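Written below as structure tokens is the structure these notes are about.
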Amino acid sequence: MSGEKVREIATLEKREWGKGEKRISRIMLFFEDLIKIPLFRCQKCGECALSSTAWICSQRCPKRLRNGPCGGTGEGGTCEVYPERKCIWYKIYYRSILLRRLPYLRYMVKVHNWSLEKTSAWLNVFTKRIDPPTLFSKRPKQHDT
Amino acid sequence: MTLREKITMGQFVVTAEMTPPQDADGDIIRRKAVHFHKGVDGVNITDNQTAIVRLSSIAAAKIALEEGLEPIIQMTCRDRNRIAIQSDLLGAAALGIENVLCLTGDHQRFGNHPEARSVFDLDSVQLIAMVQRLTQGYFLSGETIKKPPALFIGGAANPFADPLGFRVIRLAKKIQAGARFIQTQPVYDLDRFQEWMEGVRAQGLNKKTAILAGIMPVKSLKALLHMENEVPGIRIPKSCFTRMENAEDQNEEGVKMAVEMILALREIDGVQGIHLMPMMWESVTPRILDEARLLNR
């Protein structure tokens, strides 16, 4: 299928949501929020990449970048849009070093499926709408730091 | 020869940047085009740079094409979602434009419409991957394209923004996604650039893509200070300021600094070209290229 080549880079909607599925998603999202919002300030993108970003939600970036910092990070890691904030990717980088999770940053995070916004990422993993978190996949080889 | 051929053959290339006007006057582009006829292999046409509304990059590129230049359009993720980007790129290819530089885009907060809603549907790495798929004949939806756009894809890198380690990782991602040439932010801090290049060479990235080092000539101390304060992610060493301050003719000194930087960059292993950003000072291009002995290569 021609879609395969594109699936390497994008999460494509595979099938319609069943009526019950939407309800389950809402219930699961409630519990997910209880954990993820206080801990990670989750933005409910529905396509959680926390496990590849050293448990810091990348979606707090004003540009909502998923693959690393833009070119505007200032000296000492200030955000270009809101200089009073720290660049979220700056934090992710140093936390990744600390937790030895730097290799996960080398993978391209797929193009976001915005129709998954405000759905339960956990359910989306089980229904195979999104890739499983790297937590459960094999640790990539650490060729350098 | 086209830019694609020159880069693929490993030649040293020069690209330059042209800013479209803030009005509907196409003649300004025709007038600016004169400065890029000699020694320049590709001309970047910016896409609403710093989020200020300007004449469209693709339209300006078409005019530049008619003037005999080889345009490189810039495509940012700030203003368009995946539908608009793909549509615009099909259009650009149909107009005969062959090169595209994929960028994230400056946040609208810095521009003249800070109230705007930003898009950022994709980020620059994903944009490069998407354009790569377009050239291979697939839309992002997975559907096939009968006549795919033949585009030569480039990306940007900022060796001067922190953290340095991530800059190399991100470059590797862009190359993996399909970037065939990389234009960097303007180099003033040569030491930091060298440090970044070491990381690039260590992973052999310069062999997979063409690194074009950015050069931005400045007219005065004021312009230098303005960049330091207003442009995020730029690094200017103190020595540049003192040099500019003590110069008799700041205009001349700006040209001299740019030329010296080009000559120094040419010596660095892995640098395959220069990307000149004269920022509304396009007329200086032939002079700098001449003095850097890049006019007749």
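Things worth noting here:
For (1) among the acidic types (D, E); (2) without any contact (Cβ under 8 Å) to a residue 24 or more places away in the chain; (3) more than 29 Å from A:W114 (Cβ to Cβ); (4) part of a strand (DSSP E or B), each residue gets a yes or a no:
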position	(1), (2), (3), (4)
B:V40	no, no, yes, no
B:R54	no, no, no, no
B:I58	no, no, no, no
B:I63	no, no, yes, no
B:L69	no, no, yes, no
B:M75	no, no, no, yes
B:S87	no, yes, no, no
B:G96	no, no, yes, no
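- Taken over the range B:63-121, the criterion of being β-branched (V, I, T) and surrounded by 18 or more Cβ atoms within 10 Å (Cβ to Cβ) is satisfied by B:I63, B:I72, B:I73, B:T76, B:I85, B:I97, B:V100, B:T104, B:V119.
- Entry remark, the range B:245-292: residues being free of Cβ contacts under 8 Å to residues at least 24 places away in the same chain, under 28 Å from B:T209 (Cβ atoms) and outside any helix (DSSP H, G or I) number 1 in total.
- Residue among B:H107, B:H113 that is over 25 Å from A:R7 (Cβ atoms) and within 10 Å of chain A (Cβ to nearest Cβ): B:H107
- Enumeration of residues in the range B:1-48 that are exposed (fewer than 14 other Cβ atoms within 10 Å of the Cβ), of a type in the set (D, E) and within 21 Å of B:V271 (Cα to Cα): B:E5
- Selection count, the range B:94-112, where residues are over 19 Å from the mean Cα position of the chain (by Cα) and at pLDDT 95 or above: 3
- Among the residues making up the range A:13-41, a single one is closer than 18 Å to A:Y90 by Cα and either touching a Gly at 6+ places or on another chain (Cβ under 6 Å) or of a type outside the set (K, R) (or both): A:F40.
- Some residue of the range A:43-51 being more than 10 Å from chain B (Cβ to nearest Cβ), under 22 Å from B:L164 (Cα atoms) and part of a loop (DSSP other than H, G, I, E, B): no
- Selection of the range B:232-265 for residues being closer than 20 Å to B:Q194 by Cα, more than 14 Å from every other protein chain (Cβ to nearest Cβ) and surrounded by fewer than 16 Cβ atoms within 10 Å (Cβ to Cβ) yields B:S239, B:E260, B:L263, B:A264.
- Among the residues of this structure, B:G204 does not count as one that is surrounded by fewer than 22 Cβ atoms within 10 Å (Cβ to Cβ) and within 11 Å of chain A (Cβ to nearest Cβ).
- Some residue of the range B:35-43 being more than 14 Å from chain A (Cβ to nearest Cβ), within 16 Å of B:T2 (Cα to Cα) and charged (D, E, K, R): yes
- Candidate set from the range A:87-109 (those that are more than 11 Å from every other protein chain (Cβ to nearest Cβ) and either at positive phi or not in a loop (DSSP other than H, G, I, E, B) (or both)); member that is surrounded by the most Cβ atoms within 10 Å (Cβ to Cβ): A:I88
- Residues in the range A:5-15 that are modelled with pLDDT under 80 and over 14 Å from A:E47 (Cβ atoms): A:R15 alone.
- Residue count, the range B:1-38 (criterion: of a type in the set (D, E, K, R), assigned to a loop (DSSP other than H, G, I, E, B) and closer than 21 Å to B:A213 by Cβ): 1
- Residue match in the range B:154-174 (condition: within 12 Å of chain A (Cβ to nearest Cβ), in a helix (DSSP H, G or I) and closer than 30 Å to B:A247 by Cβ): no
- Applying the condition of being crowded, with 21+ Cβ neighbours inside 10 Å and over 16 Å from the mean Cα position of the chain (by Cα) to the range A:66-86 and asking which residue is farthest from the other protein chains (Cβ to nearest Cβ) yields A:C79.
The values are calculated or read from the model by the stated rules, or taken from the named source; none is laboratory data. Since we're looking at a predicted model, the values are computed, not measured. Note that we place each Cβ from the backbone using ideal geometry, even for glycine, and neighbour counts take in every protein chain shown.
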